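Participant: Below are the structure tokens for one structure; questions will follow.
All of the numbers you see were taken from the coordinates with simple rules; none came from a lab. Only a predicted model underlies this, so the values are computations on that prediction, with no experimental measurement involved. Here the Cβ positions follow ideal geometry from the backbone for every residue, glycine too, while neighbour counts run over all protein chains shown.
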């Protein structure tokens, strides 16, 4: 197995994990509907991304910091839309 | 900084990332409402978790395999509920 293959798979997996939030941000923004979205999921998700950033700083990994900072921004915006719209919004 | 602190932060961040899906699975299951949930988000998320599992196998990391397998099961069940309910469901 080429030495670079695991690194490439990890980078693509990380990028997909981050990019995956984009369609949900756009859908919630366009439709203004967040009723089916779980508030608790996004509270826990935001906390997790803050901890991943702390982890990235501790081990000095810029990719982990950058990917998780982008994920924090997107999941944080979904959380804010959910809070703004209220439980049934 | 104690040597174990980054490992502890990473494990907690990983566990939170996985656990975060549970409230969304329960909410979608109980309410049968997935209208506001983005189909594209969960298609990309499921692909990302498959790739994280491949990455975990390649580097021989059981925690990465286990966390991402659990995340795949939960995000996969949200995806299936979304597909079953249809775009407006």
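Participant: If you fit an axis through the alpha-carbon atoms of helix A:4-19 and take the longest principal axis of the Cα set of chain A, what angle between them do you get, 0 to 90°, nearest 10?
Facilitator: The angle comes out at about 10 degrees.
Participant: Something else: In a solvent-free Debye calculation with one equal scatterer on each Cα, what is log10 I(q)/I(0) for the stretch A:4-85 at q = 0.18, 0.21, 0.26 Å⁻¹, listed in the order of the q values?
Facilitator: After summing over all Cα pairs, the log10 values are -0.76, -0.94, -1.21.
Participant: Determine by what factor the alpha-carbon radius of gyration of the protein assembly as shown differs from 2.2 N^0.38 Å, reporting the quotient. Numbers along the way, then the final one.
Facilitator: Details: Rg = 16.2 Å, N = 178, 2.2 N^0.38 = 15.8 Å.
Output field value: 1.02.
Participant: Further question: I need to check one value: relative contact order of the stretch B:4-85, counting alpha carbon pairs closer than 8 Å and at least 6 residues apart, in percent. Write down the numbers at each step before the final one.
Facilitator: Working: 60 pairs, mean separation 34.9, N = 82.
Computed over the stretch B:4-85, the figure is 42 percent.
Participant: Let me ask something additional. Can you tell me the 0 to 90 degree angle between the C-alpha axis of helix B:62-85 and the longest principal axis of chain B, rounded to 10?
Facilitator: It works out to around 10 degrees.
Participant: At what distance in angstrom do the alpha carbon centres of the stretch A:28-89 and the stretch B:58-89 lie from each other?
Facilitator: The two parts, judged by their Cα centres, are 18 Å apart.
Participant: Distances from residue B:47 to the same position in the other copies: list them in nm, one decimal, shortest first, using label points 7 Å from Cα along Cα→Cβ.
Facilitator: Spelled out, the distances from residue B:47's label point are 3.1 nm.
Participant: Taking the 0 to 90 degree range and rounding to the nearest ten, how far is the long axis of helix B:21-31 tilted relative to the main principal axis of chain B, both from C-alpha atoms?
Facilitator: 20
Participant: How large is the Rg to Rh ratio of the stretch A:37-87 when both quantities use alpha carbon positions and Rh follows Kirkwood? Numbers along the way, then the final one.
Facilitator: Numbers: Rg = 12.0 Å, Rh = 11.2 Å.
Rounded to two decimals, Rg/Rh equals 1.07.
Participant: Please compute the average number of Cβ atoms from other chains found within 10 Å of each residue's Cβ in peptide B:7-14. The partial results should precede the final answer.
Facilitator: Values: counts 3, 1, 9, 8, 2, 6, 12, 4.
So the per-residue partner count for this stretch is 6.
Participant: Another one. At a 10 Å Cβ-Cβ cut-off, how would you order A:4, B:29, A:52, fewest neighbours first? Mind showing how you got there, number by number?
Facilitator: Numbers: A:4 9, B:29 12, A:52 25.
Final ranking by Cβ density, sparse to dense: A:4, B:29, A:52.
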